[in-house]
Amino acid sequence: MSDPGLAEGRWLWRRLYVFAASAGLWWLLGRAIGRTASEDLPRVVEGLMGLIALMQVLYLVAPTAQQMIAMLANLRLRMATGGRA
């Protein structure tokens, strides 16, 4: 279960945005396959799939602002104490 102090567990809109954008990009990919000239198709499909992958990786892996601040504060503390914190 997620820590109630972290905003990520309550951030419904971010999840909805990523879901809707992913669904839209998959729909666009399906439409592009049918409408794009065969010689341009690999480049178009790779671009759209790369965009989907980037968006989902950033959503799944990217730390929240609170976590980044905590990491920076921890790093600063470690540097101030010579790595013994």
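The values are calculated or read from the model by the stated rules, or taken from the named source; none is laboratory data. This structure is a prediction, so every number in the text was calculated from the model and none was measured. To get the accessible areas, we keep the full protein, side chains included, count just its heavy atoms, and leave off ligands, DNA and RNA. Shrake-Rupley method; radii C 1.70, N 1.55, O 1.52, S 1.80 Å.
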Checklist entry - Given the structure, is L28 at pLDDT 75 or above, under 15 Å from the mean Cα position of the chain (by Cα), open to solvent by 50 Å² or more (accessible area, probe 1.4 Å) and on the phi < 0 side of the Ramachandran plot? => result no
Next on the checklist: Looking for something at pLDDT 85 or above and more than 14 Å from the chain's Cα centre (by Cα) - is there at least one such residue anywhere in the stretch 14-24?
Outcome noted: yes
